[in-house]
Amino acid sequence: MRLSSLPLRSFATVALFIAVSSCSEDLDSSGVCAVLCPPVGGDVQNITLDAVSLDTTVLSFPSLGSELSLLLASRGDTLDTRVIIRYDTLPSTFIPTGDTAQAITTVDSAYLQLRLDTLSIKGDGPFTIEAYDVDTTANDTSSAAVLALFRPDRFISSQQFARADLKDTTRYYISNATVLAKLQSGARLRVGLRVTSPASSQIRIASAEAGGAAVLSFRATPDTATHPLTAIPGSRTPTNDPIVASHLSDYTVIAKGPPPAPPGVLAVGGLPPRRVYVRFNIPSSIIDSTTVVRATLLLNQISNPALDPTDTLRIVPQLVLAGAAVTDPTRAAEIVADLTSDTLMVRPGDAGFVNVEIARAFSTWRSQKPDTLPRAIVLRVLGEGNLPLELRFSSTEDVIAALRPRLRISYTSRVPLRIP
């Protein structure tokens with residue numbers, strides 16, 4: 001292949017490789033080498049800076065109903081969450097074998113097919129799952145209005161499961177009479193699930209967002225030759241926002257969340273989910289005139305033993321792409337891009353310093369002035385909104401200076417990529 005046929009990037013790589021290789025040859029041509037091979041880099045220097053100009057905890061995405069799983073939990077005084085599933089469109093007719101369409105006058109063997117994450121189940125059981133009619137004309141996103149409907153006069157059904165009965169696909173049977181009354185009257189069937197147990201219990205159910213919608217199935221005739229009827233979760237409200245309505249086909253509502261972090265403490269994860277927004281003030285001489293080999297955000301982790309302290313969470317650092325015009329950290333924390341595919345594994349109950357690598361952010365910061373793109377990152381957890389666990393870290397408000405966030409940078413003089 002001719003060199004001229006190589007792509008431009010390949011040509012540059014070849015040229016650089018040849019130039020660097022020339023410098024490794026033991027040739028008596030120092031005059032030429034001074035031109036072709038200028039000093040490459042230099043000693044790596046390390047510096048630790050109090051470079052954090054702003055750090056704060058912000059409420060996070062996902063919005064209500066956009067979670068990839070639904071959390072059904074009863075963890076004593078620490079956590080209580082319910083699951084809401086809406087079936088706003090129900091079949092009203094069926095076709096018996098060898099016949100024509102008829103109105104549904106009976107319902108038999110009605111159940112919800114739940115897809116469970118069996119590896120994440122907490123508790124030994126038995127687990128009692130109760131269903132309630134939570135249809136209401138109140139604000140669609142009002143948790144208080146929905147929670148108020150978990151009361152005896154709204155009770156639909158109850159089913160108990162041993163731990164071994166909870167499979168990847170589990171049938172939860174509900175009242176046939178309730179389903180029949182809803183479909184005959186053209187009403188919506190909106191089911192609220194609550195779990196109880198002699199001890200702590202927690203079950204994760206796949207959501208419609210993750211492709212695991214809880215399908216309602218029932219028979220309109222005892223004749224087993226006639227196929228069962230099904231309905232998938234769907235919400236017809238709010239009528240003026242189809243995207244929000246789609247999210248509200250199923251969602252988790254928090255009756256009681258874990259206690260929040262104390263004031264002045266950074267929190268990542270939890271329910272409702274939180275992120276940490278960190279903005280830096282880094283000397284321009286480092287960003288513009290050096291090659292950053294490594295950049296590490298040093299965070300002092302504070303032990304949080306409230307819930308599953310030995311479980312593992314994965315921290316994902318993200319680069320904030322929101323421009324300087326976006327001054328609200330909560331909004332800026334949603335306009336981000338991943339810095340790396342790697343994650344940092346941390347346990348909520350641990351304590352001590354944690355290293356978050358952010359070197360890749362510097363190439364973007366070098367190409368943008370700070371008055372255009374603030375030097376900022378966001379920390380979030382993988383599976384955000386699906387887990388109640390929360391990580392906590394010291395902030396710049398910590399009374400002990402040594403525990404405040406710092407930035408450690410390893411850098412060298414800029415490596416030249418062309419002949420001077």
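When the Cα convex hull of the chain is projected onto planes of every orientation, the mean area is 31.0 nm².
Computed from label points 7 Å out along Cα-Cβ, the spacing between SER200 and SER363 is 4.3 nm.
Based on Cα contacts under 8 Å between residues 6+ apart, segment 109-265 shows a relative contact order of 32 percent.
Ignoring lysines fewer than eight residues from LYS167 along the same chain, the ones with Cα atoms less than 19 angstrom from its Cα are LYS122.
Using a Debye calculation, one point per C-alpha and no hydration shell, please list log10 I(q)/I(0) for segment 261-420 at q = 0.18, 0.20 Å⁻¹ in order. Calculated log10 I(q)/I(0) at the listed q: -1.15, -1.36. Considering helices alone, the calculated mean residue ellipticity of the chain at 222 nm is -4000 deg cm²/dmol, with DSSP H runs of length four and up weighted by -39500 (n - 2.57) and normalised per residue. A simple charge model with +1 on the Cβ of Lys and Arg, -1 on the Cβ of Asp and Glu and nothing else charged puts the dipole of the chain at about 300 debye relative to its Cα centre. Considering only alpha-carbon pairs that sit under 8 angstrom and 6 or more positions apart, the relative contact order computed for the chain is 25 percent.
Counting Lys and Arg as +1 and Asp and Glu as -1 over every other residue whose Cβ lies under 14 Å from the Cβ of SER341, the net charge comes to -1. In this simple spin-label model, placing a label point 7 Å from the Cα along the Cα-to-Cβ direction at both THR137 and ASP350 gives a separation of 5.4 nm. Taking the charge dipole of the chain about its Cα centre, with +1 at Lys and Arg Cβ atoms and -1 at Asp and Glu Cβ atoms, the residue from TYR251, PRO238, SER74 reaching farthest to the positive side is PRO238. Would you please classify the overall shape of segment 173-289 from the alpha carbon gyration tensor, given that a ≥ b ≥ c denote the square roots of the eigenvalues, rounded means a/c under 1.5, and beyond that prolate means a/b larger than b/c while oblate covers the rest? The shape class here is prolate.
Other residues lying with their Cβ under 13 Å from the Cβ of ASP88 contribute a combined charge of +2, Lys and Arg counting +1, Asp and Glu -1. Let me check I've understood the local charge: for PRO233, count other residues with C-beta under 13 angstrom from its C-beta, Lys and Arg +1, Asp and Glu -1. What total comes out? My count for the surroundings of PRO233 gives +2.
The H on the amide N of GLU390, modeled in the peptide plane, is under 5 Å from the matching H of GLY270, each at least 5 residues off or on a different chain. Derived scalar couplings between HN and Hα for segment 285-294 equal 5, 6, 5, 8, 10, 9, 9, 7, 7, 8 Hz in order, rounded to whole Hz, by the Karplus curve 6.51 cos²θ - 1.76 cosθ + 1.60 (θ = phi - 60°), x for Gly and Pro. Alpha-carbon geometry of segment 258-347: the Rg and the Dmax are 15.5, 46 Å, given in that order. Between ARG408 and ALA148, what's the calculated FRET efficiency when r is the beta-carbon distance and R0 is 45 Å? Round to 0.05. The pair ARG408/ALA148 has a calculated efficiency of 0.30.
Within the straight-line cut-off of under 13 Å between alpha carbons, the aspartates and glutamates reachable from LYS182 are ASP88, ASP133, ASP135, sequence neighbours fewer than 8 places apart in one chain being disregarded. In this structure, ARG171 and ASP338 have a Cβ-Cβ separation that, at R0 = 30 Å, corresponds to a calculated FRET efficiency of about 0.20. Legend: calculated FRET efficiency, VAL326 to ASP223, from the Cβ-Cβ distance at R0 = 56 Å, rounded to 0.05, equals 0.35.
Dipole orientation for segment 206-292: of the candidates PRO260, THR290, GLY212, PRO260 has the Cα lying most toward the positive pole (charges on Cβ; Lys, Arg +1; Asp, Glu -1). With Cα atoms as the point set, segment 142-241 shows a radius of gyration and Dmax of 15.6, 44 Å. Excluding ligands, DNA and RNA, the accessible surface per residue across the chain is 50 Å² with a 1.4 Å probe. Spacing of the modelled spin labels on ILE232 and ASP124, each 7 Å from Cα toward Cβ, amounts to 4.1 nm. With θ taken as phi - 60° and the Karplus curve 6.51 cos²θ - 1.76 cosθ + 1.60 applied, the whole-hertz 3J(HN,Hα) list for segment 384-389 is 3, x, 9, 10, x, 6 Hz, x standing for glycine and proline.
The values are calculated or read from the model by the stated rules, or taken from the named source; none is laboratory data. What you see is a predicted model, and the numbers here were worked out from it, not measured in a lab. Positions of Cβ are generated from backbone atoms using ideal geometry, with glycine treated the same way; all protein chains shown enter the neighbour counts. These accessible areas exclude ligands, DNA and RNA; they are computed on the full protein's heavy atoms, side chains included. Shrake-Rupley method; radii C 1.70, N 1.55, O 1.52, S 1.80 Å.
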